Amino acid sequence: MAPSFNDENSLFDFVVNEGNGVKGMVDSGLMEVPSRYIQPPHNRISKQHATVSIDQSMTIDLSELDGPNHDQVVKSIAHAAETLGFFQVVNHGVPLELLDSLKVAAHQFFNQPVEKKAVYLKGVSPSPMVKYGTSFNPDKEKALEWKDYVSMIYTNDDDAHMFWPKECKEVALEFIKTTNQMVQKLLQALITSLGVKLDDSRLNAFIGFRMVNMNYYPTCPNPDLTVGVGKHSDMGTLTVLLQDGIGGLYVKKGDDSSPGNEEWVGIAPAHGALVINVGDTLQILSNGRYKSAEHRVRTTSVESRVSIPIFTAPLPMTKIGPLAELVARDGVARYRELLFEEYMNNFFANSHDGKKSLDFASTT
């Protein structure tokens, strides 16, 4: 017998604890959004109050980093990181066939019967490095997010081959490997723009942790009432995101607007492009010069959407804090020094709430 989605306990068991996810709910013939998913008005995403697409100046040809336009490209990357915190890259070195294969693999994973996915639920997954779930922090959220996901933390190739889901492990592993050099180049460009020199080992320490997610946003009966992902910034250093062609990603312009008066920019999908966004760690390292991007995802009633991000971050026991050269130059440390593990634990202990996670490290 189908559960009652009007009963919150029954819904939570079905979607979260049993692993059916939002997809299982939609596949059961759902005709309206259950109350547990209805967002308060100030969290809903109105297309009428959003800019249609990202400025073309925020699309960067990475092949030019190795040519005569190197300095101008670095300036463009730094400008994007200082303002919106988001930009798109083309000619990035990741094969376009791989990008297409990733999207296919994501659909294959989520289209499996629930019992095939539920083996990766927290507490039963064969490895703590693989987790299948729904929403962001269901136990803490007043309104759940309209999203299912599988996350895979990279430790080494052997563990990935052994534990990651067979439907997507080969392409996910290749995605991590083929983006690694690009992420190193981007971080090097951003640190250089700050007037700071870091050796390779220190630079790599800030991107030593890598996790790839496959996110699945099922069709929604009423997208105006829900969110795929609520307002948040990413906790790490840089995020690399592959969108499909449907769209739905929105980034906030500026930090100072009051709730209800924010300006949001839609990041229109571009074939073959990857989206890059600044995370909280890079904002902390840069002493606030680079802006971690507050973003969110709108649902759609047309067709199910997938996205595949790679989150790069420091390893848990790495110390993070404003770079010493910048503190000396600015005359103030806007963030305290702490272990990344402390920041990460605080981030995952709370529900999405804009950029409030940065308050944990702030000195003001």
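The values are calculated or read from the model by the stated rules, or taken from the named source; none is laboratory data. Computed from a prediction, not measured in an experiment: that's the story for all the values here. Cβ: placed from backbone, ideal geometry, glycine included. Neighbour counts: every protein chain shown. Note: accessible area is taken over every heavy atom of the protein model, side chains too, but ligands, DNA and RNA are not part of it. Shrake-Rupley method; radii C 1.70, N 1.55, O 1.52, S 1.80 Å.
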For segment 19-35, what does the Karplus curve 6.51 cos²θ - 1.76 cosθ + 1.60, with θ = phi - 60°, yield as ³J(HN,Hα) per residue in whole Hz, taken in order and with x for Gly and Pro? x, 5, x, 5, 4, x, 5, 5, 5, 6, x, 3, 10, 9, 6, x, 4
For segment 76-228, give the percent of accessible area contributed by carbon and sulfur heavy atoms, probe 1.4 Å, rounded to a whole number. 52
Could you check the simple spin-label distance between Asn350 and Ser101, using points 7 Å along Cα→Cβ, in nm with one decimal? 4.0
Find the centroid of the Cα atoms in segment 280-323 and in segment 7-36, then give the distance between the two in whole Å. 28
Fully extended contour minus Cα-Cα distance, from Lys116 to Ser35, at 0.36 nm per residue: 26.4 nm
If the chain between Lys142 and Asn17 were fully stretched, how many nm would it gain, using 0.36 nm times the residue separation less the Cα-Cα distance? 43.3 nm
Grab the alpha carbons of the chain, take their convex hull, and tell me the volume per residue in Å³. 132
In what sequence, largest accessible area first, do Met317, Met31, Met235 appear using a 1.4 Å probe? Met31, Met317, Met235
Karplus (6.51, -1.76, 1.60) ³J(HN,Hα), θ = phi - 60°, over segment 287-303, in Hz, Gly and Pro reported as x: 6, x, 5, 8, 10, 5, 8, 7, 9, 7, 10, 8, 7, 9, 9, 7, 7
Note down the accessible area of Arg202, probe 1.4 Å, to the nearest 10 Å². 110
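Where the only charges are on Cβ atoms (+1 Lys, Arg; -1 Asp, Glu), what is the dipole of segment 147-295 about its Cα centre, to the nearest 20 debye?
On the way: 13 positive and 18 negative charges, 72 e Å.
For segment 147-295, the charge dipole is close to 340 debye.
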Amide H to amide H, which residues 5 or more places from Tyr154 or on other chains are under 5 Å from it, using H placed in the peptide plane? Arg210, Met211, Val212
How high is the FRET efficiency between Gln72 and Asn156 when r is their beta carbon distance and R₀ equals 51 Å, given to the nearest 0.05? 0.85
Helix-derived [θ] at 222 nm for the chain: sum -39500 (n - 2.57) over DSSP H runs of at least 4, divide by residue count, nearest 500? -8500 deg cm²/dmol
Placing each pseudo-label 7 Å from Cα in the direction of the beta carbon, Ala270 and Leu203 end up separated by a distance in nanometres of 2.4
Are there trypsin sites (Lys or Arg not before Pro) in segment 130-196 that DSSP puts in a loop and that have at most 11 other Cβ atoms within 10 Å, and which ones? Lys142, Lys166
Counting only residues 5 or more apart in sequence or on a different chain, those whose built amide H sits under 5 Å from that of Gly354 are Lys231, His232
Label point distance in nm, Gln188-Arg336, each placed 7 Å from Cα along Cα→Cβ: 3.5
